[in-house]
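Data block below; observations after.
The values are calculated or read from the model by the stated rules, or taken from the named source; none is laboratory data. In this text the structure is predicted, and so the values were computed from the model without any measurement. Methodologically, a virtual Cβ is constructed for each residue, glycine included, from the backbone with ideal geometry; neighbour enumeration extends over all protein chains shown.
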């Protein structure tokens, strides 16, 4: 039997926009602030940028480190992880072209949570957060609606 040392998860969904449009909606702080970071995003998701995210449901700016940026295919970030194996978790966004570029399969994976009750609680919380982000991203790009407006406060 293998020992469980680290918790991770993956969520994904299809968005009816090109990978370039979807990637830009995640990388651009102005767009990200319109549908996800309810307290605002600062800094473009690119290597070396000074990036912070703020959320109405978890007030306070979270520093975000961009580890890899490969437009329009992949973004890898690190940010604070409570009860994670390291001080930060690693989150990977992958943007796969579907239907000749008419749609994009967005896959978000996050890893580095401790295999403990606190690690599981925080991993489940972030899993829920990224699932909500995907729904909000789809609604924003396909219909111009901020799904999270008024949701948290």
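Observations on the model:
- Of all the numbered requirements in (1) in contact (Cβ under 8 Å) with a residue 60 or more places away in the chain; (2) under 24 Å from residue 147 (Cβ atoms); (3) surrounded by fewer than 18 Cβ atoms within 10 Å (Cβ to Cβ); (4) out of contact with any helix residue (DSSP H, G or I) (no Cβ under 6 Å at 6 or more places or on another chain), residue 13 misses one, and that requirement is (4).
- Flag if residue 46 is modelled with pLDDT under 95, within 21 Å of residue 109 (Cα to Cα) and surrounded by fewer than 17 Cβ atoms within 10 Å (Cβ to Cβ): no
- Cβ-Cβ under 6 Å pairs, at least 6 apart or on other chains, region 130-150 side on the phi > 0 side of the Ramachandran plot and touching a residue at least 12 places away in the same chain (Cβ under 8 Å), far side buried (at least 20 other Cβ atoms within 10 Å of the Cβ) and in a helix (DSSP H, G or I): none
- Answer residue from region 80-122, given it is outside any strand (DSSP E or B) and within 30 Å of residue 141 (Cα to Cα) and is modelled with the lowest pLDDT among those: 81
- Members of region 51-76 found to be free of Cβ contacts under 8 Å to residues at least 40 places away in the same chain, part of a loop (DSSP other than H, G, I, E, B) and either surrounded by 14 or more Cβ atoms within 10 Å (Cβ to Cβ) or out of contact with any strand residue (DSSP E or B) (no Cβ under 8 Å at 6 or more places or on another chain) (or both), listed by number: 58, 59, 61
- Applying the set (1) buried (at least 16 other Cβ atoms within 10 Å of the Cβ); (2) in contact (Cβ under 8 Å) with a residue 12 or more places away in the chain; (3) over 18 Å from residue 127 (Cβ atoms) to residue 33 leaves exactly one unmet item: (2).
- Note on region 1-29: among residues that are over 23 Å from residue 99 (Cα atoms) and more than 15 Å from the chain's Cα centre (by Cα), the one that is modelled with the highest pLDDT is 7.
- Scope region 77-101; condition surrounded by fewer than 16 Cβ atoms within 10 Å (Cβ to Cβ) and free of Cβ contacts under 8 Å to residues at least 60 places away in the same chain; matching residues: 80, 82, 86, 87, 99, 100
- Residue match in region 15-22 (condition: assigned to a strand (DSSP E or B) and within 20 Å of residue 125 (Cβ to Cβ)): no
- Across region 121-153, the number of residues qualifying as in contact with a helix residue (DSSP H, G or I) (Cβ under 9 Å, 6 or more places away or on another chain) and farther than 21 Å from residue 102 by Cα comes to 5.
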